[in-house]
Amino acid sequence: MARKKAKAESAEKPEGETDIAKQKAAAAAKAKAAALARKKAKAESAEKPEGETDIAKQKAAAAAKAKAAALARKKESRDKDNDDDFENAKAKAIAAAKAKAAAAAKTRTTVKESTEDNTPDEPSPNQAKLDRIVHAIERHVGQEALIDHYINRLSKDVPTLVANPDTYFSIAKFLRNDEQLNFSYLSELHGTDFESHMEIYVHLHSFNMNQSVALKVKLDRDSPIIPSLVPLWSGANWPECEAYDLLGINFQEHPDLKRILLGDDWKGYPLRKDYQPYDVEV
C-alpha cells in the first residue's frame, strides 16, 4: 500500500520537482559518506600508537635532510667543475702568452744577430770631432782629465765626455774659452740620482764647429758637491738651483744658490730615489 501510494504521489508530481528531489538525495548521501570517512580516519589516527607517529615524523625529516644534502653536493660539484674549467682556461691562456712572448723574443734575437752579422759597425760621422775635442782636452788640461769618452748612439751620435770631479770645471772652462772649440752656448744642465751615485749632465753647443757635446760628471751621493758653471755660462744659474732644490747637489761658488720650487723649510729632496715625504698627508 505504501509503495503504491508513493508511486501514485510520484506520478502526480511534475518532472522538474522529481529531478530536484533526486539531486538533493544524492548530495545528502555524499555528505553522509564524507562524514563517515572523516570519522573513520580520526578513529584510526587515535588508535595509532604515539611512537609510530614520531617515527614517521623522523623519517620525513631525515628524507628532507637527505634531499637537501644531495642538492648541496650537486651544487658544490657543479661549482667546482666551473672553477676547474676557469683555472684550466687561465693556465692555458698564460702558457699561450708565455709561448708567444718566447717566440717573439727568439725572433727578435734572430733578426738582431742577422743584422749584426750582415751590417758592418760603421763609425759615427761625429767620431772625428770627438777625437779632436778629446785630443785638445788631454793636451791642455791633462791626460787623466777624462774618465771616459764615447759617441752616444741613442742621442743623435752626440760626443760625450765623462770628467773627473776634480777636472770638471777645468774641462768646462777649456771648452768655453778655447778659440777653436768655443762651446759658448749651454742648452741644458740637470742632475740625476742613480742610487749608487749622483750625476750632472751638461749639454753644450759650439757655433764655430756646428757641433754639440755632452759633459758628464759622477758625484758622491752622500756628499754631492761640484763647482758651479755660472761663472762660465750665466744660463747655468737656474738649472743648478733646480738640481740643488730637488736633489740636494751643492754647487760651489754659485752666486745665489737657493730653492726655487720648494719652500726654504721643505725637508728632503723629492727627486732622490729614497725620498720620503715629511708629511705624508700633503
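Details
- Among the residues of segment 200-212, those identified as within 16 Å of Pro227 (Cα to Cα) and open to solvent by less than 20 Å² (accessible area, probe 1.4 Å) are Ile200, Val202.
- Answer from Val217, Val162 - the residue that is in contact with a Lys or Arg (Cβ under 6 Å, 6 or more places away or on another chain), under 22 Å from Arg139 (Cα atoms) and part of a strand (DSSP E or B): Val162
- For segment 232-248, a residue qualifies if it is open to solvent by 30 Å² or more (accessible area, probe 1.4 Å), out of contact with any strand residue (DSSP E or B) (no Cβ under 7 Å at 6 or more places or on another chain) and under 13 Å from Leu271 (Cβ atoms), and exactly one does: Glu242.
- Listed by first and then second residue, the pairs linking a residue in segment 251-267 that is more than 24 Å from Lys218 (Cα to Cα) to a residue that is at pLDDT below 95, with Cβ atoms under 6 Å apart and 6 or more places separating them unless they lie on different chains, are Lys267/Tyr278.
- Odd one out for Ile226, checked against (1) assigned to a strand (DSSP E or B); (2) without any contact (Cβ under 8 Å) to a residue 12 or more places away in the chain: (2)
- Checked against (1) touching a strand residue (DSSP E or B) at 6+ places or on another chain (Cβ under 8 Å); (2) closer than 30 Å to Ile137 by Cα, Lys273 passes all but a single condition, namely (2).
- Tally of residues being open to solvent by less than 80 Å² (accessible area, probe 1.4 Å) and at pLDDT 75 or above across segment 32-76: 14
- Selection count where residues are part of a loop (DSSP other than H, G, I, E, B), hydroxyl-bearing (Ser, Thr, Tyr) and under 45 Å from the mean Cα position of the chain (by Cα), scope segment 168-207: 1
The values are calculated or read from the model by the stated rules, or taken from the named source; none is laboratory data. Just so it is clear, the model here is predicted, and its values are computed rather than measured. Please note: Cβ atoms are built from the backbone with ideal geometry, for glycine as well, and neighbour counts cover all protein chains shown. Calculation scope for accessible area: heavy atoms of the full protein, side chains included, ligands and nucleic acids excluded. Shrake-Rupley method; radii C 1.70, N 1.55, O 1.52, S 1.80 Å.
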